[in-house]
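Engineer: Here it is, the structure, as C-alpha cells.
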Amino acid sequence: MADNDLFLGFDLSTQQLKGIVVKADLKLVFEAKVDFDADLRKYGITKGVLTNPSEGEIFAPNNMWLEAFDLVLQRLKAQGLDFSRIAGISGAGMQHGTVFWSTDAEKIMSSLNPAKTLVEQMGPEHSNEAGGVFSHPHSPNWQDASTQKQCEIFDLHLGSPGRLAMVTGSKAHHRFSGPQILRFRTKYPEHYKKTARISLVSSFIASIFMGKIAPIDIGDVGGMNMWDVSKGRWQEDLLALVAGEDGSEGLKEKLGPVPEDGGETLGPISPYFVHRFGFRKDCAVIVCTGDNPSTILALPLQASDAIVSLGTSTTFLMSTPQYQPDPSYHFMNHPATAGLYMFMLCYKNGGLAREHVRDAINDLESSEDANIWAAFNRTLLSTPALGQKDSSKDNARIGLFFPRPEIVPNVKAGSWRYLWNSTSKDLKPVEPGTDSWPSATADARAIVESQFLSLRLRSHNLVHPQRTETGKLLPAQPRRVYLVGGGSNNDAIAKIAGEVLGGSEGVFKLDIGGNACALGSAYKAVWGCRREGRETFEDFVEARWKEEDFVKRVADGYTEGVFEQYGNALTGFEMVENEVIRIAAQGS
Ligand SMILES: Nc1ncnc2c1ncn2[C@@H]1O[C@H](COP(=O)(O)OP(=O)(O)O)[C@@H](O)[C@H]1O
Ligand SMILES: O=C(CO)[C@@H](O)[C@H](O)COP(=O)(O)O
C-alpha cells in the first residue's frame with residue numbers, strides 16, 4: 001500500500017471554497033481557499049450570494065462555483081501539490097442548495113477539453129445566464145426565505161408539522177430543497193421541464209469531479225423534506241406534491257438514487273482533471289455530503305459531545321443513536337454510520353449578525369486596531385454576564401439580533417432588546433443608548449449570549465449530567481463543546497460559549513487547520529479508500545486520532561454559579577422569543 005497517497009477534501013460554503021489535503025494518517029499537508037467576494041466579485045455577489053429582497057430570494061451563481069474549483073486547484077498546485085499523489089477526493093457542500101442540470105449536462109461534461117477552464121465549457125463564461133450544463137443559472141441558497149407559501153403546504157401535506165418532522169427529520173423550512181423545488185417548478189415551469197437532473201451542492205461537487213451526475217448523499221438527503229428517514233426511501237406523497245402535474249416518477253428520475261453507504265466510491269475522476277491537473281486515472285471520487293454532516297466527521301465525537309459551528313450560519317451538532325424528531329430542530333442520517341443520526345439546530349443569523357455589532361462598536365470607538373475583533377472582544381469580556389453587576393438585584397439584559405429573517409424562531413428581520421426581572425418575571429422593552437442598555441456596547445455581550453442561550457434551551461433533552469475526573473456530579477450539559485468555523489478563532493467568544501453551555505471537560509477547537517468541514521470530507525475520502533471490510537468511520541478515525549496534535553482546549557466549560565445564572569435566564573430568554581413571535585404575528 002503506497003503511503004505516499006494523499007486525500008483531498010472540499011468545503012463549498014456560502015462565502016468560500018476551501019480545499020485541503022491530508023495524508024493517510026489524517027495529518028494536514030496542504031490547504032487553499034477561494035474567497036468569493038475577494039476573488040470572484042465579478043459575479044455581482046456580496047458575502048457570496050445574490051439577493052432579490054422583494055421576494056426574499058437569496059441565491060448563488062453556479063458558474064462562480066465552477067470557476068472557484070479551477071482556482072482552488074491552481075492554488076494547491078502553486079503550493080507544490082503533486083496531484084498524482086491524490087488517491088481519493090470527497091467534498092462537503094452547504095446544505096439544501098439545489099443545482100438544476102440541463103439535458104446536455106452529461107454530454108458536455110464527458111468531453112471537456114483540458115486546455116480550457118470548467119466555466120468556459122460548462123456554462124456561459126463569467127455570466128449569470130442559463131446555458132451549457134445548467135437549466136437554471138442559480139442555486140437557491142440556504143439563507144433564502146422565499147418559500148413561506150410552499151412551507152405551509154408542506155407542513156400540512158402529511159397532516160401536521162410534527163408528522164412531517166417524524167417522517168423526514170424536519171418540519172418544512174424555507175431553505176429545504178422540497179419547498180424550493182416546488183417553488184422553482186411553479187415560478188420557472190420551462191426551466192423545470194428542461195431539467196434533466198437535480199443535485200444538492202454536495203452531489204454537484206462529486207458530479208464535477210466524476211464528469212457525470214453523482215447520486216445524492218444519505219446524510220445530506222435529510223435536508224430536502226422529501227426523504228423518509230426511517231424507511232430509507234423517497235416519500236411518495238411529498239414527491240407527488242413537489243412534482244404536481246409533471247408526475248412524481250419524473251421527479252424521482254431527476255433526483256436519482258441515494259446510496260446507503262457514505263463511503264462508497266462513485267467512480268474514478270474524470271479524464272479532464274487527469275489531463276489538466278495531473279490527477280492519477282484511478283483517483284476515487286467518494287460520495288460528497290453536506291457541510292454540517294461533514295463537520296461531525298472531523299472529530300471522534302463521544303456521547304454528549306456537542307459541536308458549535310460558528311460560520312456564516314451558527315449550527316449546533318450532535319451525533320446520537322436516538323431518532324427523536326421534533327418540529328423545533330432537525331434530525332438527519334449520520335453521513336457515514338447507519339443507525340446513527342445527526343441532531344442539528346441551524347440559525348441564519350450567526351457570523352454576519354455578530355459582524356454588524358462588531359462594526360457598530362468599531363465605528364463608535366473609531367478603533368484602528370489591526371485585529372478587527374479587538375474592540376468587540378474587549379467589550380464582550382468587560383461586560384458582566386447578562387449585563388448584571390449584581391445578579392440578585394439587577395435586571396438581565398436579553399436581546400435578539402436578526403439582520404436577516406431567522407429560522408429559529410421563524411421571524412422576520414429585526415433587533416429586540418429587553419430587561420428581564422428574574423423575581424417578578426417582568427419583561428420590559430428597552431431602547432439602546434439608555435442607562436440600562438448603553439449603546440452598541442451592551443449588544444456585544446447580549447448577541448453572543450443570546451446565540452448560546454438559544455442552543456442551550458433547545459438541546460437540553462440531549463444532554464445529561466456529567467461526572468468530573470474527581471467524581472463530582474455536574475448538572476446536565478455537554479461533556480465537551482467543540483467550536484469550529486470562522487468564529488472559533490475568537491477566544492472571547494469561546495469563553496462565553498463555556499459560560500453559557502457548560503462542558504464538563506471544557507471548550508475545545510480543532511488545532512489542525514481552520515476548517516473542520518473540509519477536514520471531515522478529507523477524512524471521509526481516506527476512510528472511503530482505506531477502510532478494511534466493514535470498518536466503521538468512528539473506528540477508522542479513532543485508530544488514527546492524536547488528541548494532543550488535533551484539538552486544543554480554548555476555554556473553561558462549566559463554571560459553578562455563572563452556569564446556573566444562565567440556566568435561570570433561560571426562562572427570560574424564552575419569554576423574549578415568545579414576545580418577538582407575538583409581535584411578528586401582529587405585523588404580518
Ligand atoms: N476572529 C474572529 N472572531 C469572530 N468571528 C470570526 C473571526 N474570524 C472569522 N469570523 C467569522 O467567521 C465567519 C466565516 O466563517 P467560515 O466558517 O469561514 O464561513 P462559511 O460559513 O462560509 O464556511 C465570518 O462571517 C466571520 O464573522
Ligand atoms: O442551512 C444550513 C444548515 O441547515 C447551513 O448551515 C448551511 O449548510 C450553510 O452554512 P455555512 O457553512 O455557509 O455557514
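Each reported figure results from applying straightforward, stated rules to the coordinates on display, with no laboratory input. Keep in mind that what you see is a predicted model, and the values were worked out from it rather than measured. Note that each Cβ is placed from the backbone with ideal geometry, even for glycine, and that neighbours are counted across all protein chains shown.
Engineer: Highest mean first, how do 467-474, 79-86 rank when packing is the count of other Cβ atoms within 10 Å averaged over residues?
Structural biologist: 79-86, 467-474
Engineer: Taking 41 Å as R0, compute the FRET efficiency from the Cβ-Cβ separation of Glu368 and His275 and round it to 0.05.
Structural biologist: 0.25
Engineer: Please give the charge dipole size of the chain, origin at the Cα centre, charges +1 on K and R Cβ atoms and -1 on D and E Cβ atoms. Round to the nearest 20 debye.
Structural biologist: For the chain, the charge dipole is close to 360 debye.
Engineer: Next question. For the chain, calculate the relative contact order in percent as a whole number, restricting contacts to Cα pairs under 8 Å that are 6 or more residues apart.
Structural biologist: RCO, the chain: 14 percent.
Engineer: Within 10 Å of each residue's Cβ, count the other Cβ atoms and sort Ile583, Ile496 from fewest upward.
Structural biologist: Least to most surrounded, the residues fall as Ile583, Ile496.
Engineer: Sticking with this one: Given the DSSP H assignment, sum -39500 (n - 2.57) over each helix run of at least 4 residues in the chain and divide by its residue total; what's the result at 222 nm in deg cm²/dmol, nearest 500?
Structural biologist: Mean residue ellipticity at 222 nm (helix-derived): -10500 deg cm²/dmol.
Engineer: Then there's this: Within segment 490-526, whose backbone N sits under 15 Å from a point 7 Å along Cα→Cβ of His464?
Structural biologist: Counting only backbone N, you get 504.
Engineer: Also, quick follow-up: Order these by the 10 Å Cβ neighbour count, fewest first: Ser504, Ser422, Ser450, Ser439.
Structural biologist: Lowest count first: Ser439, Ser422, Ser504, Ser450.
Engineer: While we're looking at this one, here's another question. Can you work out ³J(HN,Hα) from phi for every residue in segment 141-152, in order, using Karplus 6.51 cos²θ - 1.76 cosθ + 1.60 and θ = phi - 60°, giving whole Hz and x for Gly and Pro?
Structural biologist: 8, 4, 8, 4, 10, 8, 10, 4, 4, 5, 5, 4
Engineer: Still on this structure: Mind giving me the FRET efficiency for Glu574 and Asp394? R0 is 30 Å, r the Cβ-Cβ distance, nearest 0.05 is fine.
Structural biologist: 0.90
Engineer: What number comes out for the charge environment of Asp35, summing +1 per Lys or Arg and -1 per Asp or Glu over other residues with Cβ under 14 Å away?
Structural biologist: +1
Engineer: Under a crude label model (7 Å from the Cα following the beta-carbon direction), how far is Ile153 from Leu473 in nanometres?
Structural biologist: 5.3
Engineer: Suppose we keep just the DSSP beta bridges with both residues in segment 6-287; what percent of those would be antiparallel, to 5?
Structural biologist: Rounded to the nearest five, the antiparallel share is 80 percent.
Engineer: Then there's this: In nm, give the distance between the simple-model label positions of Arg534 and Asn4, each being 7 Å from the Cα along the Cα-to-Cβ direction.
Structural biologist: The two pseudo-label positions are separated by 3.6 nm.
Engineer: Using the beta-carbon distance between Lys107 and Ser439 and R0 = 56 Å, what value does 1/(1 + (r/R0)^6) give for FRET efficiency, to the nearest 0.05?
Structural biologist: The calculated FRET efficiency here is 0.40.
Engineer: From the backbone phi of segment 283-292, what are the Karplus-calculated ³J(HN,Hα) couplings (6.51 cos²θ - 1.76 cosθ + 1.60, θ = phi - 60°) in whole Hz, Gly and Pro given as x?
Structural biologist: 4, 8, 9, 8, 2, 9, 10, x, 5, 6
Engineer: Counting other beta carbons within 10 Å of each residue's own, what order do His356, His464, His96 fall into, fewest first?
Structural biologist: The order, fewest Cβ neighbours first, is His464, His356, His96.
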